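The next block holds one structure in the form of structure tokens; read it before the comments.
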Amino acid sequence: MIKKIFIEKKNIHNILLIKEKLKKYNLCVLKNFYDKKHQLILYKFLKKSFQKKKDIRVSGDFIYKMKDFKRLDLGDSYINTRFARFMSINEWEKNNKPILKSIEKIINVRNKICNYKKENFVYTNIKRKEKNFYWCDAIRMIQYPTGGGYLSKHKDNTSFYPPGMVNCLLPISSKNKKDKKLNLYEAGGIYYYLKNKKIILDDHLNTGDLILHTKNILHGVHSVDPQKKLDLERLSGRITINLSIIKFYKN
């Protein structure tokens, strides 16, 4: 089953094939979307940004043209129970230009799949029932720290995201020892339910693979290295860049 959701490097720009996989499985993986050198550049950027920012516990609504933040979540304060750290990477922040250029091709692939059109920072062809917000890209580093970081089982089918959206997850760290410098955890990781069968996808991933999933698939993250000492000081554990489209409210 697991190999059926994989799309090899030679086909990663085949939009029709990607759509077919998503329609059938609600999930696909574009293998070797980025090379290891590129992943290390992304990791170094995230690590530098991580060290500069202090954690907050509550961020409130996403506001158009808001500043970046780093937030530590523990418990059931949000829709899904979790222990994770979020770091926002907004397109309008000038300091984010290097990483935005680096992940541009992910956004382009996603927008071709969903037939989305964007002008400046705002998606113009996604319907809005209310006019008090814009649909914009939410680019977030998500860290599940060494010592038990996790995310409870859930689906993304909420009004927080637009209809028909495909979520994109780019693993930065890996369980695979062959990934050497980016092999930052050993146990746990993301899982999905394919045809009612649970698959721990991280057991089959390398850094550089790109995960695409619809809003309708059940998934979560098992505790990352719960047997180890909790590490909240470093950029440890399972690290991904998540690209979604969400509501950014007008000021």
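The values are calculated or read from the model by the stated rules, or taken from the named source; none is laboratory data. Given the structure is predicted, the values throughout are model-derived calculations rather than measurements. A quick note on method: Cβ atoms are made from the backbone with ideal geometry, for glycine too, and the neighbour counts reach across all protein chains shown. Heads up: the accessible areas ignore ligands, DNA and RNA and are worked out on the full protein's heavy atoms, side chains in. Shrake-Rupley method; radii C 1.70, N 1.55, O 1.52, S 1.80 Å.
If you go through region 101-132 one residue at a time, how many are in a strand (DSSP E or B) and surrounded by fewer than 17 Cβ atoms within 10 Å (Cβ to Cβ)?
Residues that pass the stated criteria total 2.
Filter region 187-208 down to residues that are among the β-branched types (Val, Ile, Thr) and surrounded by 19 or more Cβ atoms within 10 Å (Cβ to Cβ), then give me how many there are.
The qualifying residues number 2.
Of all the residues that make up region 133-162, how many are open to solvent by less than 20 Å² (accessible area, probe 1.4 Å) and more than 22 Å from Leu212 (Cβ to Cβ)?
5
Would you tally the residues in region 22-32 being charged (D, E, K, R) and either in contact (Cβ under 8 Å) with a residue 60 or more places away in the chain or in contact with a Ser or Thr (Cβ under 8 Å, 6 or more places away or on another chain) (or both)?
1
Looking only at residues in region 77-100 that are at pLDDT 95 or above, of a type in the set (S, T, N, Q) and part of a loop (DSSP other than H, G, I, E, B), which one is most open to solvent (accessible area, probe 1.4 Å)?
Thr81
Within region 213-230, which residues are in a loop (DSSP other than H, G, I, E, B) and either open to solvent by 50 Å² or more (accessible area, probe 1.4 Å) or modelled with pLDDT under 95 (or both)?
Those that are in a loop (DSSP other than H, G, I, E, B) and either open to solvent by 50 Å² or more (accessible area, probe 1.4 Å) or modelled with pLDDT under 95 (or both): Asn216, Leu218, Pro226, Gln227, Lys228, Lys229, Leu230.
Out of Asp203, Asp156, which single residue is within 19 Å of the chain's Cα centre (by Cα), without any contact (Cβ under 8 Å) to a residue 40 or more places away in the chain and over 24 Å from Ile41 (Cβ atoms)?
Unique residue meeting the criteria: Asp203.
If you take the residues of region 146-198 that are among the basic types (Lys, Arg) and outside any helix (DSSP H, G or I), which of them is farthest from Ala84 (Cα to Cα)?
Top of the filtered list is Lys195.
Among residues belonging to region 52-86 that are among the polar types (S, T, N, Q) and free of Cβ contacts under 8 Å to residues at least 40 places away in the same chain, point out the one that is farthest from Ser223 (Cα to Cα).
In this case the residue turns out to be Ser59.
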